[in-house]
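J.: Shown below is the structure under consideration.
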Amino acid sequence: MTKLSLPSHSPLLTKNFVYGVATASFQIEGGYEHRLPCIWDTFCDTPNKIADSSNGHVACDHYNQWQNDIELIDSLGVDAYRLSISWPRVITLSGELNPEGVKFYTNILDELNKRNIKAFVTLYHWDLPQHLEDKGGWLNRDTAYEFARYVKLISQAFGERVFSYATLNEPFCSAFLGYEVGIHAPGLVGKEYGKKAAHHLLLAHGLAMDVLKHTSPNTQNGIVLNFTPCYPLTQSAEDINAARYADDYLNQWYMKPIMDGQYPEIIKQLPSNQQPEIHPGDMDIISQSIDYLGINFYTRQVYKAHPSDIYEPLAPQGPLTDMGWEIYPQSFTDLLVTLNNTYTLPPIYITENGAAMPDTIKNGEVNDVDRLNYYHSHLNAVHDATAQGVNIIGYFAWSLMDNFEWAEGYLKRFGIVYVDYKTQQRTIKASGQAYKSLIQSRK
C-alpha cells in the first residue's frame, strides 16, 4: 500500500475533523542542562533499566531544533500538534516559574499560532521532578496539590496561546508501570503501591481541571487515557471473568472514577493494603466534567483464568509490531463502541495511535509499508466506530518522529519522520507522506 484511504463519506474526511502529530517532552527535547532532574533521568542512570543504556540528555535535540521541527510539522499539513510540558523545565526548586523554561514553550506556542496549528498541551507526560519523588512522588498525596500549583502557574503564563489542555497522559503507565511492576520510572515494585499512586494521579487530574476552569476557561480541557482491550482466550466463564477483571484493574480503574465518580467493584476484592486511601470529596473532585476524552490505543491483550492471580496474559499471536504488540485493528473499533455504550462520553480525540517498526533508511528514503498499513487499518477502525455512533473529532499520529522510547531507549522507532541520532537529520517516511496526502484530500 502506498496511500491511506477512507470511505468517501467518512466524517474523518471533513475539514472539521482534526488531524495532528504528537510528541512528549522527555522523549524529544534533550536540553538536560536547562532543567531540573526528573524521575526518568534517575531511572536512566540505574543499571539495566533502559534496553540500550541510553538517556534523554540529548534525545532529538528538539530544545535546539524546535524551529526546524515546527517547520517540519507545518510541512505535513496537520491541523494540530500535541506536545507536553516538562514540569522540571518550567518550575524551579522553590516552586516558582523558571523564565527560561517558560520562554522555550511560549516561543513554540507563538510559532504554532502564527502558522495556524492548534496547540494541544499535555501538562504531565511522566517526567515528575526528582525532588518531588524524593518526598514520595505519586505515593504522596501532596504531589497532587503540587501538580495543581504547577498547572495554575503555567496555564496563567501561557495565556490564550493554547487550544487544548490534557492534565495527564496515561495515568495507568505512571501508576502501574512505574509504581507497581517497576518497568518505568521511578521503578517501584509492589501491588501495595499501584492503586495508591493511581488515586493521587486521578486526584491531581481533578484538582488541575478545577484550576483550568478558572485560569483557562476558553481551552478544551480533558485527560488522556490509554486502553488495551482485554479479550478472553475461550468463552468459558472462567476466562471471561479473568478478562473482565483485567479490564477493570488495568483500564476501567482510570476511566470509571472520571466518568462515574467511583472505582470498579473489584476494589472490594483487593486486600486492604492495596486499596487507595480515599478522602471525603475526592471522588467528586476526580469526576468533574471534562470537555473531551483523549484515547490512546496500540494493541489488545488476550487473557485466561489463573488459579491465584485471577488473570494471566498470553503471549500475543499473529502479526506483531517491533514492540511485540499484536496488530488487531478490530479491537480499536470494539473499544470505542464499548466505551460509548458504557459511559456518557464527551467528544473523543484519538490522542495516540501508531506502530514501532524496524525501519531502515536507504538512499535517503524510509519505505515503511508495514507502518502505513497499520495506519490505514486503524484509521478505518476509527471510521467504523464513528459509523456506530461514537463522536470522534480528531486523530493524532504517534509519533511525529523517532525518539527516546522509554525503557526501550532508542531501539524502537514510532515516528512518521526518521531521525538519525548522530546527525539529527530528519527524513519524512512513506507513512508521513501518506498521512500528509490523506489530510490534504479532505473535503
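The values are calculated or read from the model by the stated rules, or taken from the named source; none is laboratory data. Owing to the predicted nature of the structure, the values given are computational and were not obtained by experimental measurement. Cβ placement follows ideal geometry from the backbone for every residue including glycine, while neighbour counts extend to all protein chains displayed. Only protein heavy atoms, including side chains, enter the accessible area calculation; ligands, DNA and RNA are left aside. Shrake-Rupley method; radii C 1.70, N 1.55, O 1.52, S 1.80 Å.
J.: Once amide H atoms are placed 1.01 Å from N in the peptide plane, what residues at a sequence separation of 5 or more from LEU4, or on another chain, have their amide H within under 5 Å of its amide H?
T.: The list, which skips near neighbours in sequence, is LEU438.
J.: In addition: How much FRET efficiency would the formula 1/(1 + (r/R0)^6) give for ARG442 and MET323, where r is the Cβ-Cβ distance and R0 is 30 Å, rounded to 0.05?
T.: That gives a FRET efficiency of 0.50.
J.: Note the direction-averaged projected area, equal to a quarter of the hull surface, for the Cα convex hull of the stretch 300-382, in nm².
T.: 7.7 nm²
J.: Would you work out which of GLY20, GLY30, THR42 lies farthest towards the positive end of the dipole of the stretch 1-72, given +1 charges on the beta-carbon of Lys and Arg and -1 on that of Asp and Glu, about the Cα centre?
T.: GLY20
J.: At a 1.4 Å probe radius, carbon and sulfur cover how many percent of the accessible area of the stretch 183-236?
T.: It is 55 percent, rounded to a whole number.
J.: Can you give the percent of C-alpha pairs in the stretch 383-441 whose distance is more than 16 Å?
T.: 57 percent
J.: Mind scanning LYS114/LYS436; LYS103/LYS422; LYS15/LYS103; LYS103/LYS135; LYS268/LYS304; LYS3/LYS412 and naming the pairs with a C-alpha gap bigger than 30 Å?
T.: Distance filter (> 30 Å) returns LYS15/LYS103.
J.: Please give me the summed charge of the neighbours of ASP334: other residues whose Cβ is under 10 Å from its Cβ, Lys and Arg +1, Asp and Glu -1.
T.: Taking every Cβ under 10 Å from that of ASP334, the sum is 0.
J.: Students sometimes get this wrong: rank ARG300, ARG161 by accessible area, probe 1.4 Å, all chains present, largest first.
T.: So, going from the largest accessible area down, we get ARG161, ARG300.
J.: Using only Cα atoms, what Kirkwood radius does the stretch 157-312 have, in angstroms?
T.: Computed over Cα pairs of the stretch 157-312, the Kirkwood hydrodynamic radius comes out at 16.6 Å.
J.: Continuing with the same structure: Please report the spacing between the Cα centers of the stretch 77-96 and the stretch 359-423 in Å, no decimals.
T.: 23 Å
J.: For a test of the definition: using alpha carbon positions, the gyration tensor, and the 1.5 limit on a/c, classify the stretch 131-177 as rounded, prolate or oblate.
T.: Here the stretch 131-177 falls in the oblate category.
J.: Counting only protein heavy atoms and using a 1.4 Å probe, what share of the accessible area of the stretch 1-132 belongs to carbon plus sulfur, as a whole percent?
T.: 50 percent
J.: Out of residues 5 or more away from VAL18 or on other chains, whose amide H comes under 5 Å of its own, with H placed 1.01 Å from N in the peptide plane?
T.: Those qualifying (amide H under 5 Å, at least 5 residues apart or on another chain) are GLY394, TYR395.
J.: Which percent of the accessible area of the stretch 255-320 is formed by carbon and sulfur heavy atoms (probe 1.4 angstrom)?
T.: Ligands and nucleic acids excluded, carbon and sulfur give 50 percent.
J.: Then there is this: For the chain, what is the calculated [θ] at 222 nm in deg cm²/dmol (nearest 500), taking -39500 (n - 2.57) for each run of four or more DSSP H residues and dividing by its residue count?
T.: Rounded to the nearest 500, the figure is -11000 deg cm²/dmol.
J.: Can you tell me, using C-alpha contacts under 8 Å and at least 6 residues apart, the relative contact order of the stretch 57-172 as a whole percent?
T.: Contact order relative to length: 31 percent.
J.: Using a 10 angstrom cutoff on alpha carbons, build the Gaussian network for the chain and name the most mobile of ALA157, ALA119, ALA197.
T.: ALA157
J.: Now, a different point. How large is ³J(HN,Hα) for each residue in the stretch 2-11, as worked out from phi by the Karplus curve 6.51 cos²θ - 1.76 cosθ + 1.60 (θ = phi - 60°), to whole Hz, x for Gly and Pro?
T.: My calculation for the stretch 2-11 gives 10, 9, 9, 10, 10, x, 4, 8, 5, x Hz in order.
J.: Which FRET efficiency, nearest 0.05, do LYS213 and ASN116 yield, Cβ-Cβ r, R0 25 Å?
T.: 0.40
J.: Looking only at GluC sites (Glu not before Pro) in DSSP loops with at most 15 other Cβ atoms within 10 Å, what is the longest site-free stretch of the chain?
T.: By the stated rule (loop sites, at most 15 other Cβ atoms within 10 Å), 97-276.
J.: Here's a follow-up. Under the Karplus relation 6.51 cos²θ - 1.76 cosθ + 1.60, θ = phi - 60°, what is the ordered set of whole-Hz ³J(HN,Hα) values for the stretch 312-318, x standing for Gly and Pro?
T.: Working through the residues one at a time gives 9, x, 9, 4, x, 10, x Hz.
J.: What percent does the relative contact order of the stretch 211-318 come to when contacts are Cα pairs within less than 8 Å and at least six residues apart?
T.: The value is 40 percent.
J.: Which shape class applies to the stretch 188-246: rounded if a/c is under 1.5, otherwise prolate when a/b exceeds b/c and oblate if not, where a ≥ b ≥ c are the square roots of the Cα gyration tensor eigenvalues?
T.: oblate
J.: Stretch ALA315-GLN425 to full length: gain in nm at 0.36 nm per residue minus the Cα-Cα span?
T.: 36.0 nm
J.: For the chain, calculate the relative contact order in percent as a whole number, restricting contacts to Cα pairs under 8 Å that are 6 or more residues apart.
T.: About 20 percent, as a whole number.
J.: Testing the spin-label approximation: label points 7 Å from Cα along Cα→Cβ at GLN330 and ILE240. State their distance in nm.
T.: Modelled inter-label distance: 1.8 nm.
J.: Suppose the chain between THR344 and ASP291 were pulled fully straight at 0.36 nm per residue; how much longer would it get relative to their current alpha carbon spacing?
T.: Extending this stretch completely gives an extra 17.9 nm.
J.: Something else about it: Quick one: Cα centre-to-centre distance for the stretch 9-26 and the stretch 36-56, in angstrom?
T.: Rounded to whole Å, the Cα centres lie 32 Å apart.
J.: I've got another one for you. Which one of ILE295, TYR263, MET323 has its Cα pushed farthest toward the positive end of the charge dipole of the stretch 254-357, where Lys and Arg give +1 and Asp and Glu give -1 at the Cβ?
T.: Toward the positive end, the furthest listed residue is MET323.
J.: Another one. Is the shape of the stretch 239-336 best called rounded, prolate or oblate, per the rule: a/c under 1.5 gives rounded, else a/b larger than b/c gives prolate, else oblate, with a ≥ b ≥ c the square roots of the Cα gyration tensor eigenvalues?
T.: oblate
J.: Quick one: which residues, 5 or more positions from THR122 or on another chain, have an amide H under 5 Å from its amide H? H modelled 1.01 Å from N in the peptide plane, none for Pro or chain starts.
T.: Here LEU83, SER84, ILE85, ALA166 satisfy the definition.
J.: I've got another one for you. Hey, can you find the accessible area per residue of the chain for me, probe 1.4 Å, expressed in square angstrom?
T.: 39 Å²
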